[in-house]
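Here's the structure, in structure tokens; my notes come after.
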Amino acid sequence: MKAAVVTSYTEPITIEERDVPVPAPGQVLVRLETCGLCHTDIHAARGDWPVQPPLPFVPGHEGIGIVEQLGAGVTSRWIGERVAIAWLASACGACRYCVDGRETLCEQQQNSGYSVDGAFAEYAVAQASHVVPVPDGVSSIDAAPLTCAGLTTYKAMKVARIAPTERVGVFGIGGLGHLAIQYAQIMGGTVVAIDVKPDKLALAHELGASHTVNAGVVEPVEALHALGGLDVAVVLAASPHVFDQAFASLRRGGRLVCLALPADGGAMTVPIFETVIKGLSVIGSIVGTRQDLVEVFALHAAGRTRVVSQTRELEDVNDAIAEVLAGDVPARIVFQYAHASETLDLVR
């Protein structure tokens, strides 16, 4: 099989021919149709974060494909079923976080494309318990970005506790941001989109943002307070400076939701007096659970969301990364595998 493999944090990703993996007990073998390119994949390939993935490894955690083989003991999945391989590859299932519905905080978790090989390959093995079925009403191209970009922003809007008519600022309109705009509206929020690129702001307006702020032209904090300030600020741009701007844009009772992870870990300063007097909150939000992904897929199948993406071949992975880093992609890049069409013919 063909796979994109990270062999060095300082060298381009290589395309290799590997043996098709064999599912262990409790696992399934998935023949991939698509996989989205997430900024986390880029951080992983460059070893940007304090905990680096072990080399060599296959990135990818927005994988969509067909179950082709069941490992011993698997009864929850079946051959021919279309499933998603998400960031949460597995969790212990027994700790307080797994038991109370916060499985993405499990300290024993494994992560697709980071601690275990992911979906930048024609085949991947995954835990049968942690793949999520993809409904018929969701295409494999759309399902890929929904598996992380959609899941992550949907969860962020849930933890933000958006009340109807609250003003929600989305900082960074791209693969995550264009979906964050839609989830905020679904939950009753009035959206303000903040970016430095006019084309991204035009997309935000097209997707229903009530206001847009070009942070490369105007001072965003002043512009946002001129609108009345933000009840919720969701930061998807991986720059510590943007976190500071977002916090400063909050009105009384406002909530800052932190999602983006700067390459060097980053730091922000929270003024204690202002935080206390204004009743402000700073919330960290990690990717959603398996149930959250079920809800994300259901919303899309019901026609409530729109995914903006462009497809690429896996061989173009390094060029695709360069496009993302340059900000040249409207929203999400999705790798579509050459055998996807024949697989589709078999199962649909």
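Quick note: the coordinates plus some simple rules give every number you see, no bench work behind them. Everything numeric here is computed off the predicted structure, so don't read it as measured data. For neighbour counting, all protein chains shown are included, and Cβ atoms are generated from backbone atoms with ideal geometry for every residue, glycine included.
Values computed for the structure shown
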quantity: Relative contact order for segment 150-284, counting Cα pairs under 8 Å that sit 6 or more residues apart, in percent; calculated: 21
quantity: Bridge type composition, segment 150-284 - antiparallel percent by DSSP, nearest 5; calculated: 0
quantity: Fluctuation leader among ALA144, ALA302, ALA89 - the chain, Gaussian network, Cα springs under 10 angstrom; calculated: ALA302
quantity: FRET efficiency, 1/(1 + (r/R0)^6) with R0 35 Å, evaluated for GLU68 and SER239 via beta carbons; calculated: 0.25
quantity: Derived scalar couplings ³J(HN,Hα) [segment 321-334; Karplus, 6.51 cos²θ - 1.76 cosθ + 1.60; whole Hz; x for Gly, Pro]; calculated: 4, 4, 4, 5, 5, 7, x, 8, 9, x, 8, 10, 9, 10
quantity: Of TYR97, TYR183, TYR114, the one that fluctuates the most in a GNM where the chain has Cα springs shorter than 10 Å; calculated: TYR97
quantity: In range of the label at ARG304: residues from segment 179-220 whose backbone nitrogen is under 18 Å from the point 7 Å along Cα→Cβ; calculated: 179-191, 207-209
quantity: Furthest towards positive pole of dipole, VAL116, GLN245, ILE283, structure part the chain, Cβ charges; calculated: ILE283
quantity: Distance (nanometres) between label positions extended 7 Å along Cα→Cβ at ASN318 and SER115; calculated: 3.0
quantity: FRET efficiency, TRP49 to SER139 (Cβ-Cβ, R0 25 Å, nearest 0.05); calculated: 0.20
quantity: The chain: most fluctuating residue of PRO50, PRO25, PRO133 per GNM, C-alpha cutoff 10 Å; calculated: PRO50
quantity: Spherically averaged projected area in nm², based on the convex hull that wraps the Cα atoms of segment 188-240; calculated: 3.9
quantity: Pairwise Cα inverse-distance average, inverted: Kirkwood Rh of segment 130-226 (Å); calculated: 14.1
quantity: Mean projected area in nm² (Cα convex hull; one quarter of hull surface) for segment 150-284; calculated: 7.3
quantity: Cα-centred dipole magnitude for the chain, charges only on beta-carbon of K, R (+1) and D, E (-1), debye, nearest 20; calculated: 1300
quantity: Chain lengthening between THR75 and ASP19 when straightened (0.36 nm per residue, less Cα-Cα); calculated: 17.6 nm
quantity: Whole-number percent relative contact order across segment 8-118, with pairs defined as alpha carbons under 8 Å at least 6 apart; calculated: 27
quantity: Share, in percent, of DSSP beta bridges within the chain that are antiparallel, nearest 5; calculated: 55
quantity: Rounded to 10°, Cα long-axis angle of helix 151-160 versus longest principal axis of the chain; calculated: 30
quantity: Debye log10 I(q)/I(0) at q = 0.09, 0.11, 0.13 Å⁻¹ for the chain, Cα point scatterers; calculated: -0.47, -0.70, -0.98
quantity: For HIS211, HIS241, order by how many other beta-carbon atoms lie within 10 Å, fewest first; calculated: HIS241, HIS211
quantity: Cβ crowding within 10 Å averaged over residues, with 161-173, 261-273 ranked highest first; calculated: 161-173, 261-273
quantity: Segment 48-177, Cα convex hull volume normalised per residue, Å³; calculated: 162
quantity: Percent RCO, i.e. relative contact order, over segment 26-87, from Cα pairs under 8 Å lying at least 6 residues apart; calculated: 43
quantity: Other-chain or far-sequence residues with amide H under 5 Å of SER285's (modelled H); calculated: CYS258
